[in-house]
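Asks: Got a structure here, written out as structure tokens. Questions coming.
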Amino acid sequence: MLGAMTVPLPLQFLLVLLAGWVNRHQDAVIEYLKEENRILRELHDKKRLLFTDEQRQRLAVKGKALGRKVLGDIGSLVTPNTILRWYRTLIAKKYDGSKRRGPGRPRTAVEIAELVVRVAQENPGFGYTRIRDVLANLKHAISRSTVKRVLDERGIQPAPERNRRIPWKTFLKSHWEGLAATDFFTVEVMTWTGLVRYHVLFVIRLKTRRVHVAGISSDPNGEWTKQIARNLTDPVDGFLTDVTHLIHDRDPLFTEAFRYLLNGSGVECVRLPVRSPNLNAYAERFVRSIKSECLSRVVIFGEAHLRHAIREYLAHYHRERNHQGLASALIEPGPELELFEGRVACRQRLGGLLRYYHREAA
């Protein structure tokens, strides 16, 4: 076995000189690059350098091999922390499994969610457990937390709050048979003394949409509305004889005496909150109809003309106008609807402003 080879002393000295020269050359290169980096940073001192993903990846790989201390010494364009953060991001991308991840826990079926909402709305006193049990009877296995989440997403309150506040829609349905609403609308009438504003008070039955004009006055007051209350509750021909609830707003003309007379006749007054016209939508819709179809299209001369125009419109409204809320039917259909043959005739009101087409009997 040969012993270790010994390097001659002159050769060792030559190797030392060569290594020193290489180190000095590398130090010079490094110093030059450091100075170049400092100049670049000075030139871009007030500008943010934007690197591409590929550039970040290259710097991250090279910077990780040097380490934080060396990176800090050479004064790179970006801080050592940034380069190392890029490296951690590079590693995270290698093990990122989000693209292979499944959709997760499936959401509650739309049919089941709608059923939960329906049970909650139709039964204000049912809590999460009770609703869960109802769906279990229907072979839908869901948890209390699922019921809670579905109701929270729809903005439906828990059972105690739902039971404490009856929804307006539920109130209307439960009193539909005996429910009526009243309201005012105004009309500017041309008189010998100029324009005079008339107030028209009407009542509408919500189920049938029948409308009754209770009074017309240019100077309404509390005594006037009291007399109207007596007329509406007359046991013989009062419009509210079989009504249990009357909806009205907070107009000062609906006085305490007005409500007292109605309550004494078995009609409970339901006063609406302030600025809530949507809660009296049926009355508001009638006002829109009579104004857009009639009153806004004629110039009214005097009170008699106003009463005639309203009377003619009500006849048209009840007997000749289709109502979408009643499946496009007429409120008081005439015998002409039974005819399938005959000449088509047109009945006109207010000089042809209101028209009704029907068949004439042979």
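The values are calculated or read from the model by the stated rules, or taken from the named source; none is laboratory data. Only a predicted model underlies this, so the values are computations on that prediction, with no experimental measurement involved. Here the Cβ positions follow ideal geometry from the backbone for every residue, glycine too, while neighbour counts run over all protein chains shown.
Asks: List the residue pairs whose Cβ atoms are under 6 Å apart, where the first residue sits in region 338-351 and is under 27 Å from Ile310 (Cα atoms) and not assigned by TED's automatic domain parsing to the domain that holds Ile290, the second is surrounded by 11 or more Cβ atoms within 10 Å (Cβ to Cβ) and modelled with pLDDT of 90 or more, and the two are 6 or more positions apart or on different chains.
Replies: Cys346/Arg355; Arg347/Tyr356; Gln348/Arg355; Arg349/Glu312; Arg349/His316; Leu350/Glu312
Asks: When you scan region 238-279, how many residues do you find that are under 16 Å from Ala214 (Cα atoms) and at pLDDT below 90?
Replies: 1
Asks: Free of Cβ contacts under 8 Å to residues at least 24 places away in the same chain, under 25 Å from Val196 (Cα atoms) and among the basic types (Lys, Arg): does that describe Arg288? Break it down into steps so the answer makes sense when it comes.
Replies: Working: free of Cβ contacts under 8 Å to residues at least 24 places away in the same chain: yes; under 25 Å from Val196 (Cα atoms): yes; among the basic types (Lys, Arg): yes.
Spelling it out, Arg288 is indeed free of Cβ contacts under 8 Å to residues at least 24 places away in the same chain, under 25 Å from Val196 (Cα atoms) and among the basic types (Lys, Arg).
Asks: Consider only pairs whose beta carbons are under 7 Å apart and that are at least six residues apart or on different chains; among these, list those whose first residue lies in region 191-202 and is closer than 17 Å to Tyr313 by Cβ and whose second residue is polar (S, T, N, Q) and buried (at least 17 other Cβ atoms within 10 Å of the Cβ).
Replies: Leu201/Thr182; Phe202/Thr182
Asks: Okay, next question. I'm checking my understanding of the structure. Among residues of region 212-231 that are closer than 17 Å to Asp249 by Cβ and touching a helix residue (DSSP H, G or I) at 6+ places or on another chain (Cβ under 9 Å), which one is surrounded by the fewest Cβ atoms within 10 Å (Cβ to Cβ)?
Replies: Step by step, filter region 212-231, then rank; the result is Gly222.
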